[in-house]
1. Among the residues of the range 39-61, write down those that are closer than 15 Å to ARG90 by Cβ and in contact with a Phe, Trp or Tyr (Cβ under 8 Å, 6 or more places away or on another chain).
2. Do we have any residue at all in the range 130-144 that's within 21 Å of ALA58 (Cβ to Cβ) and hydroxyl-bearing (Ser, Thr, Tyr)?
3. Given the condition in contact with a Lys or Arg (Cβ under 7 Å, 6 or more places away or on another chain), at pLDDT 95 or above and of a type in the set (Val, Ile, Thr), answer yes or no: does some residue in the range 44-60 qualify?
4. How many residues does the range 193-233 contain that are surrounded by fewer than 12 Cβ atoms within 10 Å (Cβ to Cβ) and under 29 Å from ARG140 (Cα atoms)?
5. Name the strands (runs of 3 or more DSSP E) wholly within the range 95-210 that hold at least 1 residues that are touching a residue at least 60 places away in the same chain (Cβ under 8 Å) and more than 23 Å from ALA32 (Cβ to Cβ)?
6. Does PHE9 satisfy being modelled with pLDDT under 95, closer than 23 Å to LEU86 by Cα and out of contact with any helix residue (DSSP H, G or I) (no Cβ under 8 Å at 6 or more places or on another chain)?
7. Being out of contact with any strand residue (DSSP E or B) (no Cβ under 8 Å at 6 or more places or on another chain), under 24 Å from GLU48 (Cα atoms) and at pLDDT 95 or above narrows it down to one of ARG193, ARG179, ARG140, so name that one.
8. Could you pull out the residue among ALA222, ALA228, ALA173, ALA188 that is of a type in the set (Gly, Ala, Ser) and either in contact with an Asp or Glu (Cβ under 7 Å, 6 or more places away or on another chain) or farther than 27 Å from GLY133 by Cβ (or both)?
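The values are calculated or read from the model by the stated rules, or taken from the named source; none is laboratory data. Computed from a predicted structure; not experimentally measured. When we count neighbours, we look across all protein chains shown, and the Cβ atoms used for this are built from the backbone with ideal geometry, even at glycine.
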Amino acid sequence: MLEAEFDKFAAEYEQEHAASIRLSGETPAFFAKYKIADVAAVLAKRGEKPLRILDFGAGVGNSLGPMRAAFPDSAIVLLDPSSQSLDIARSRFPGQAHCQPFDGQSIPYADGYFDLVFTACVFHHIPEELHTGLLREIGRVIKPGGSFFLFEHNPWNPLTLHAVRNCSFDENAVLINARQMNGRMAVAGLSRRRTVYRLFFPRFLAKLRPLERYLTKVPMGAQYFVHAVKPNL
């Protein structure tokens, strides 16, 4: 997670992202909103109202708008190794969150500090040998009973593969299937997990999207998320 690698694409992130997902018929904002909507729906069913939220690998803050709308009373921290990305996030959303630089190893908060940790399509940029340690570090800062939502691209979906192959900031990406990610989370001590597959239909088939509720276990969605709950002490 070298700062320079992410700084290189910070200013052009929106344009590059939009170009890479053109075949889906959707915008980067659509993908940010659906993720937070999923998180909010799961937490509502669980009766959770997070007071402190960490966006791990927040980049230029694409998730912050829908996150602030869903959780208006929460304190939100954007964590990222790219100082330029955080500068852009600050200018886009002044006063909406605390932007925290990350050294790539230690999250500078106390044990159990956050009620919710969220990360969106970050781990495919991180070398595999670092995954378990970072997942343990994420688990450390989640309070007992708190939630962790990890969203990732699904390498078994052809549109996802096309988008990643045609995106300059994904040039070093190594996609992770849900089984691999679950295994790494288990090793890191995140034992209570559920996997949900999402985004089966591009925009021209949007009328079929209500059917996705029946397809969440089918490993062909463009993305997936793993929801882990930290065990109570």
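1. Correct list: ASP55, GLY59, VAL60, GLY61.
2. Checked against the condition, which is being within 21 Å of ALA58 (Cβ to Cβ) and hydroxyl-bearing (Ser, Thr, Tyr), the range 130-144 yields no hits at all.
3. no
4. The total comes to 3.
5. Here the list reads 142-153.
6. Taking the combined requirement at face value, the residue does not satisfy it.
7. Step by step, each of ARG193, ARG179, ARG140 is checked, and only ARG140 is out of contact with any strand residue (DSSP E or B) (no Cβ under 8 Å at 6 or more places or on another chain), under 24 Å from GLU48 (Cα atoms) and at pLDDT 95 or above.
8. After ruling out the rest, the residue left standing is ALA222.
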